1. Within region 153-166, track down each residue that is over 16 Å from ILE134 (Cβ atoms) and either under 19 Å from the mean Cα position of the chain (by Cα) or hydroxyl-bearing (Ser, Thr, Tyr) (or both).
2. Have a look at LEU246, LEU219, LEU268 and point out the one that is within 30 Å of ASN143 (Cα to Cα) and assigned to a loop (DSSP other than H, G, I, E, B).
3. Here is a list of conditions, (1) free of Cβ contacts under 8 Å to residues at least 24 places away in the same chain; (2) in contact with an Asp or Glu (Cβ under 7 Å, 6 or more places away or on another chain), and LYS121 meets all of them except one; can you say which number that is?
4. Looking only at region 68-81, which residues are over 20 Å from the mean Cα position of the chain (by Cα) and at pLDDT 90 or above?
5. Every residue in region 1-57 that is among the aromatic types (Phe, Trp, Tyr) and assigned to a strand (DSSP E or B), please.
6. Would you mind finding the one in ALA243, ALA264 that is touching a residue at least 60 places away in the same chain (Cβ under 8 Å), crowded, with 20+ Cβ neighbours inside 10 Å, among the aliphatic types (A, V, I, L, M) and out of contact with any helix residue (DSSP H, G or I) (no Cβ under 9 Å at 6 or more places or on another chain)?
7. Please list, ordered by first then second residue, the pairs with beta carbon atoms under 9 Å, 6 or more apart or interchain, first in region 4-32 and farther than 21 Å from PRO260 by Cα and among the hydroxyl-bearing types (Ser, Thr, Tyr), second crowded, with 16+ Cβ neighbours inside 10 Å and at pLDDT 90 or above.
8. Residues that are at pLDDT 85 or above and under 28 Å from GLU227 (Cα atoms): find the helices (runs of 4 or more DSSP H) completely inside region 100-209 holding 3 or more of those.
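The values are calculated or read from the model by the stated rules, or taken from the named source; none is laboratory data. All figures in this text were calculated on a predicted structure; none of them were measured in a lab. Neighbour counts are summed over all protein chains in view; Cβ atoms, including those assigned to glycine, are modelled from backbone coordinates with ideal geometry.
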Amino acid sequence: MIQPIADLLPTDPNAPVIFIPHQSLFLVPFAALQDPTGQYLIEKHTILSAPAIQILKLTRQSRQKVRQLSLQNNLVVGNPTMPKIGNPPRQLDPLPGSEQEAITIAQLLNTKPITGSQATKASITQQMLKARIIHLATHGLLNEVKRGDLPGAIALAPSGNDDGLLTSSEILDLKLNAELVVLSACNTGRGKLTGDGVLGLSRALISAGVSSIIVSLWLVPDEPTAELMAEFYRQLQKNPNKAQALRQAMLMTMKMHPNPQDWAAFTLIGEAE
């Protein structure tokens, strides 16, 4: 896939390479592609993706708007009290690893983590409207929940009359001003494949006004994911370029967890800075 364009790619590993995939190529972990020598693509390049050229224009406009607003709040959620799904209803398994991940990242972002029964859908949705960085470490649901035209949902704590499931369709109706949303959960980059990208959580967030999104392509393992995410935010404190920070986090995680399944699931969609 890469060999025909290899000589056109930048030689500077910090220069961005933006993929605009088509159909099932949206499910390819470009970071984990290997050349004939066994070197991973992420070892040579800083990688981003976008559903379409027009979406790049949209995320650029969102980024400019966010810069003007200069929001200071950061929102970090981990292991909410899990909602029930299905018929008959079954409660989703708790994620103690995600709670620890949230605690670590909240310290790095100088904020307080929201976990357990405090992480209600009603409360988190309101706080998302005022947040600059949003990190959600919880269950991502793909085909289990579909309301409206978009599949996908994020599991939050139920309260009152709501079931705790923040769906793609509900995200679509929000007016977000975040410069970065990280969905540290399983399958959050998947959805309904179309000619102009994946319809699901990632598209909903872009349409809601988010300029940069990090989502996953498969079921991510707890411990390597927590390490990768913490390293990503440490790198981001040194360098505001999100694509470069994610690359460095992948390279660091790769040393401890060499299997690409442990470090290559996450992809950055939208703006690097």
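1. SER159, LEU165
2. LEU219
3. Answer for LYS121: the failing condition is (1).
4. Passing the criteria: only THR81.
5. Scanning region 1-57 gives PHE19, TYR40.
6. Matching residue, one of ALA243, ALA264: ALA243.
7. THR11/LYS44
8. 121-128, 201-207
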